[in-house]
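Below is one structure, written out as structure tokens; comments come after it.
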Amino acid sequence: MSEQDSRAVHHPAVVAHRKSRAGDVQLRIADAITKFAGSPTLTLVVSLEAIFLSAFVMIGQNRQAA
């Protein structure tokens, strides 16, 4: 399989939209942040952090109640 075959072919409207966003620096930065923030690995890390944080809060509340 060649490199060209492995690339996805997108609708012309999608290609035009990407070109219009690529022209603006602020939009490129926003797209990069969104791509990073929406990554599955980051989502997993944040979810695990929330689980541990809620456990520690519950432990603290139980100790305070005792």
Worksheet item: Got a number for carbon plus sulfur as a percent of the chain's accessible area, 1.4 Å probe?
Response: 65
Discussion item. Taking 0.36 nm per residue of sequence separation and subtracting the Cα-Cα distance, how much length would be gained by fully extending the chain between Arg21 and Ile33, in nm to one decimal?
Written reply: 2.9 nm
Discussion item. Could you work out the pair-distance distribution P(r) of the range 9-49 from its alpha-carbon pairs, with 10 angstrom bin width and percents rounded to whole numbers?
Written reply: 26, 34, 28, 11, 0
Worksheet item: On average, how much accessible surface per residue is there in the chain, in Å², for a 1.4 Å probe, leaving out ligands, DNA and RNA?
Response: 93
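The values are calculated or read from the model by the stated rules, or taken from the named source; none is laboratory data. Note that the coordinates shown come from a computational prediction; the quantities given were computed from them, not determined experimentally. For accessibility, only protein heavy atoms count, side chains too; no ligands or nucleic acids. Shrake-Rupley method; radii C 1.70, N 1.55, O 1.52, S 1.80 Å.
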